[in-house]
Amino acid sequence: MSVAVFGIPNCDTVKKARVWLDANKLPYAFHDYKKEGADAARLARWAKTVGWERLLNRAGTTFRKLDAADKADIDEGKALALMVANPSTIKRPVVEYRGGVLVGFKPEEWATALL
């Protein structure tokens with residue numbers, strides 16, 4: 001199975017997810033938002049699949065530090081633009097696999113989807 005993991009390497013949740021993948025001997029490609037950025041077309045596909053609300057990390061430090069105007073009246077277009085401009089506002093990790101997209105790390109959900 002081809003698995004692509006998107007995130008930030010120093011994120012604790014991403015670290016846990018990568019340990020889980022390694023422990024389950026699942027090969028994966030890692031996309032580092034800090035080095036490679038976030039692709040607008042890919043984010044739009046994810047939003048269509050799982051919803052932009054699920055992708056946007058409103059609880060993170062980066063989102064909380066945004067100007068009030070950036071956080072006000074968020075719709076899909078504004079959220080996607082924020083995530084492209086500030087990849088740290090994307091919930092992590094995001095996993096693309098043959099059957100779909102996973103957002104966040106939930107071992108039970110990952111086991112069902114990936115094992």
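The values are calculated or read from the model by the stated rules, or taken from the named source; none is laboratory data. Source: prediction; values computed, not measured. Heads up, the Cβs are rebuilt from the backbone with ideal geometry, glycines too, and the neighbour counts pull from every protein chain shown. When the accessible area is computed, the model is the full protein with side chains, heavy atoms only, and any ligands, DNA or RNA have been set aside. Shrake-Rupley method; radii C 1.70, N 1.55, O 1.52, S 1.80 Å.
Using just the helices of the chain, give the 222 nm mean residue ellipticity in deg cm²/dmol: DSSP H runs with n ≥ 4 each add -39,500 (n - 2.57), and the total is spread over all residues, rounded to 500. Show your work: numbers first, answer last.
Values: 8 runs with 57 residues, N = 115.
Roughly -12500 deg cm²/dmol at 222 nm, from the helical runs in the chain.
Give the separation of the Cα centroids, the range 37-93 to the range 1-33, in Å.
Value for the Cα centre distance between the two parts: 20 Å.
Ordered by residue, what ³J(HN,Hα) values in Hz, to whole numbers, does the range 49-57 give under the Karplus form 6.51 cos²θ - 1.76 cosθ + 1.60, where θ = phi - 60° and Gly and Pro are x?
Each residue's phi maps through the Karplus curve to give 7, 10, x, 5, 4, 6, 6, 7, 8 Hz.
What residues of the range 53-77 lie in the reach of a label at LYS16, counting those whose backbone N is under 17 Å from a point 7 Å from the Cα along Cα→Cβ?
57-61
State in Å² the accessible area per residue of the chain; use a 1.4 Å probe, count heavy atoms of protein chains only, and round to the nearest integer.
Roughly 55 Å² per residue, with all protein chains present.
What do you get for trypsin sites (Lys or Arg not before Pro) in the range 54-85 restricted to DSSP loop and a cutoff of at most 14 other Cβ within 10 Å of the site's Cβ?
ARG58, LYS65
How about LYS65: which lysines have a C-alpha closer than 27 Å to its C-alpha, ignoring those fewer than 8 places off in the same chain?
By straight Cα distance, LYS65 reaches LYS15, LYS16, LYS34, LYS35, LYS48, LYS78, LYS91, LYS106.
Where does each of LYS91, LYS106, LYS25 land when they are ordered by accessible area, with a 1.4 Å probe and the largest first?
On the way: LYS91 70, LYS106 105, LYS25 170 Å².
From most accessible down to least: LYS25, LYS106, LYS91.
Over the chain, what lengths in whole Å, largest first, do the semi-axes of the equivalent ellipsoid take, defined as the square roots of 5 times the eigenvalues of the alpha-carbon gyration tensor?
Working: eigenvalues 124, 42, 29 Å².
Listed largest to smallest, the semi-axes of the chain are 25, 14, 12 Å.
May I ask you to give the percent of accessible area on the range 45-115 that is carbon plus sulfur, with a probe radius of 1.4 Å?
Numbers: 1900 of 3830 Å².
Reported share for carbon and sulfur atoms: 50 percent.
How big is the antiparallel share of DSSP beta bridges in the chain, given as a percent to the nearest 5?
Bridges in the chain are about 70 percent antiparallel.
Calculate how steeply helix 76-85 sits against the longest principal axis of the alpha-carbon atoms of the chain, using the helix alpha-carbon long axis, and give the answer as 0 to 90 degrees to the nearest 10.
Relative to the chain, helix 76-85 is tipped by roughly 70 degrees.
May I ask for the angle, rounded to the nearest 10°, between helix 12-23 and the longest principal axis of the chain, with both axes built from Cα atoms and the value confined to 0 to 90°?
20
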